[in-house]
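Inspection log for the structure reproduced underneath, given as structure tokens.
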Amino acid sequence: MSATNPPRGGRRRLRADAALASALAATAALAPAAAHAGTYPMYACDVPGVNLPAPTRAAWTDWDTSGQVQHHSDCATAAHGSVFFQINYPTGVLGQGTGVGVELRAPATGPQSAISIARVTDWSATALAAQHPNEARAEGINLAPAISSAPGGSADAFDGTGTSGAGHDSGPLAAGTKTWRLGVQCAALGAQVGQCTLPSPFLRVRGIGTTLEEGVQPHASIDGGSMTFAGALKGAKTLSYTATDAESGIEKVEMLLDGAPVATESLARDLSLPVGQQAGPCTYTGFQACPSEHGGVLGLDTGKVPDGTYELALRATDAAGNQRTIVSGAPVVIDNVADQPGAKPVILVPPAPGPQGASGARGAQGVPGAVLTLNGSNAAAGASLRASFSATHSRTIRSAYGKKVLITGQLAAPSGAPIAGARVSVMQQDKIPGAPLTAVGQVVTDGGGRFVYVTTAVRSRSLRFGYRTHLEDADFSATTDVGLAVIAKLTLATNHRSLRNGQSVVFRGSVAGAPPKVRKVVELQVKKGSRWMTFRSTRLRNGRFSERYRFTRTRGRITYVFRARVREEVGFPFLTSHSPTVKVTVRG
């Protein structure tokens, strides 16, 4: 099974059973593979299925070593569509060792010098006159300087009648290819000296689709915005940024919370839509497909995100799919839901009596005259409370599923004196919309005001530590939050490890700790070379998944390697992860 991708931004899915041979091609493909980082498309003039706002020759230039060629019709409208390039040859003769056509050269230095040519598909037609006995042959050139094949004109390309087909496909080119030529060169046969006879016009190119490749990460910076403010955040907030890329250009910028996108600005243009319905500054008509620099502001309604502590980051993606993630220097705390007044935590440690307090105006029920008990020695209303993960000394951490995680903290009076023997409440909230903040226990500070708490990484969640100045108080006088992000733990198994073509295999697996009501998408992937390709997807049901797949195109004996993957997203309390691999051998 093979697939061809539509123009950038398109949603159609195409399938081809076999490649079609032609004079300038080895396989058939409409658009470059844009599903993996490193490649992106460049279109010239009139490519079937691609609607360019202003048809252009892109970076293709004249190639003429004869000095006799005349060309015209750069993307001019002809009777049967747009003609990208047409060569007239009034003398009808091409001298030995000379060539004419069009050429693409990737920059060797400076901006875009990291770009190479990965694949070329052209929609062209040409005809060569019969050779006289004393003439040399004319060869079609598709790659400088020495690789050539006969040029062609057929219904698979553009034959002057407006017929569109798969085009002439070069197939994957050698890594680092910087030059590609489309045209004709007159070459001698042995010691024979002669010339080549050409009709006029002899070459018409309707359009060219090129796959370009580069692997340089873009640059990005977080410039400010209310998402970077200290303290608890609620309501609508913003994040300002700048992103730059001197190679393929900036295509997308995202705001991330614990690695999951929560706000996105896309500069991509969907060239499969009619021109009037397209938007976005990316053009895909040059080596730099998108703007080299873009700054802006991303907005987020924090009320749509579960309360908790998150790692804030900015991710920039260029047109080739290369990414760079910039993490903010401090975590953000989102707190839109008010704590439940009077919520009493579960007591996990023996109560430690504090000193007798004086009569006050606010007791456990707010009754005047109640006696209040100070919570620890040096207890004070302005106490400071700090907590962090001992492994990172940070308020956020990423952990494997099921791992024990140690949190340490300290409680101090406004004077800096430690508050010893104080009870600190512990609450947690899963990072799922609508998840409640629930009490899970207490810790008691030691003589230095320090405390420790151990939790198990079973879901991404926020943990809140709260201190009450008096044991009878309904409200906390100080709180602090930490954020735990958990890497999902997947399993995958099959009902068969060996079968024949035409038979089916059932994939089964689970995500440990997944909430029963979450219908998360699970991707089933197969390894192709060094890459993983998603061939089927299913959804969790009560934390488990099952999917059947029938093999229909296996020839010979092939061992496939499979895995399952889930991606992080807001509302799914896990980070992106994949299962261990399983192998299935199929005999055709």
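Sort through Thr552, Thr534, Thr479, Thr494 and tell me the only one that's at pLDDT 95 or above and β-branched (Val, Ile, Thr).
On the way: Thr552 fails: at pLDDT 95 or above; Thr534 fails: at pLDDT 95 or above; Thr479 fails: at pLDDT 95 or above.
On inspection, the qualifying residue turns out to be Thr494.
For the stretch 261-280, the set of residues classified as under 28 Å from Pro48 (Cα atoms) and touching a Gly at 6+ places or on another chain (Cβ under 9 Å) consists of Ser266, Leu267, Ala268, Arg269, Asp270, Leu271, Ser272, Leu273, Gln278, Gly280, listed by residue number.
Take residues that are without any contact (Cβ under 8 Å) to a residue 40 or more places away in the chain and tell me which of the strands (runs of 3 or more DSSP E) falling wholly in the stretch 230-288 contain 2 or more.
Of the strands (runs of 3 or more DSSP E) lying wholly inside the stretch 230-288, those with at least 2 residues that are without any contact (Cβ under 8 Å) to a residue 40 or more places away in the chain span 260-266.
Residues being in contact (Cβ under 8 Å) with a residue 12 or more places away in the chain, surrounded by fewer than 19 Cβ atoms within 10 Å (Cβ to Cβ), of a type in the set (Asp, Glu) and in the same structural domain as Ala236 (by TED's automatic domain parsing) are entirely absent from the stretch 310-322.
Within this structure, Ala420 passes the test of being in the same structural domain as Ala391 (by TED's automatic domain parsing), aliphatic (A, V, I, L, M) and touching a strand residue (DSSP E or B) at 6+ places or on another chain (Cβ under 6 Å). Report yes if some residue within the stretch 533-543 is crowded, with 16+ Cβ neighbours inside 10 Å, assigned to a strand (DSSP E or B) and either among the aromatic types (Phe, Trp, Tyr) or out of contact with any Phe, Trp or Tyr (no Cβ under 7 Å at 6 or more places or on another chain) (or both); otherwise report no. Taking every residue of the stretch 533-543 in turn, none turns out to be crowded, with 16+ Cβ neighbours inside 10 Å, assigned to a strand (DSSP E or B) and either among the aromatic types (Phe, Trp, Tyr) or out of contact with any Phe, Trp or Tyr (no Cβ under 7 Å at 6 or more places or on another chain) (or both).
Within the stretch 328-355, if we keep just the residues that are at pLDDT 50 or above, of a type in the set (A, V, I, L, M) and surrounded by 15 or more Cβ atoms within 10 Å (Cβ to Cβ), the residue that is farthest from Leu471 (Cα to Cα) turns out to be Val332.
Would you check if Ser530 is surrounded by fewer than 14 Cβ atoms within 10 Å (Cβ to Cβ) and touching a Lys or Arg at 6+ places or on another chain (Cβ under 6 Å)? No, not satisfied.
Scanning the stretch 379-412 for residues that are touching a strand residue (DSSP E or B) at 6+ places or on another chain (Cβ under 7 Å), among the hydrophobic types (A, V, I, L, M, F, W, C), surrounded by 17 or more Cβ atoms within 10 Å (Cβ to Cβ) and touching a residue at least 40 places away in the same chain (Cβ under 8 Å) gives Ala383, Leu385, Ala387, Phe389, Ile397, Val405, Ile407, Leu411. The requirement of being in a loop (DSSP other than H, G, I, E, B), among the β-branched types (Val, Ile, Thr) and over 19 Å from the mean Cα position of the chain (by Cα) is not satisfied by Thr559.
For the stretch 367-406, enumerate the residues that are among the hydroxyl-bearing types (Ser, Thr, Tyr) and in a strand (DSSP E or B).
The answer is Thr373, Ser377, Ser384, Ser388, Ser394, Thr396, Ser399.
Quick test for you: out of Gly447, Gly416, Gly441, pick the one residue that is in a loop (DSSP other than H, G, I, E, B) and on the phi > 0 side of the Ramachandran plot. Being in a loop (DSSP other than H, G, I, E, B) and on the phi > 0 side of the Ramachandran plot holds for just one of Gly447, Gly416, Gly441, which is Gly416. Listed conditions (1) within 30 Å of Ile334 (Cα to Cα); (2) touching a Gly at 6+ places or on another chain (Cβ under 7 Å); (3) assigned to a strand (DSSP E or B) are all met by Val486, apart from (2). Taking every residue in the stretch 45-57 that is in a loop (DSSP other than H, G, I, E, B) and pairing it with any residue that is buried (at least 22 other Cβ atoms within 10 Å of the Cβ) and among the acidic types (Asp, Glu), at least 6 positions away or on another chain, the pairs with Cβ-Cβ distances below 9 Å are Leu52/Asp46; Pro55/Asp46. Checking Arg541, Arg531 one by one, the residue that is in contact with a Pro (Cβ under 9 Å, 6 or more places away or on another chain) and over 25 Å from Lys403 (Cβ atoms) is Arg541 and no other.
Taking the criterion of being surrounded by 20 or more Cβ atoms within 10 Å (Cβ to Cβ) and either among the aliphatic types (A, V, I, L, M) or under 16 Å from Val518 (Cα atoms) (or both), the residues of the stretch 438-463 that qualify are Val443, Ala457, Arg459, Ser460, Arg461, Leu463. Here Val424 clears all of (1) hydrophobic (A, V, I, L, M, F, W, C); (2) buried (at least 19 other Cβ atoms within 10 Å of the Cβ); (3) closer than 25 Å to Thr534 by Cβ except the condition numbered (3).
The values are calculated or read from the model by the stated rules, or taken from the named source; none is laboratory data. Remember, predicted model here, so these are calculated numbers, not experimental data. Every residue, glycine among them, receives a Cβ derived from its backbone with ideal geometry; neighbour counts consider all protein chains shown.
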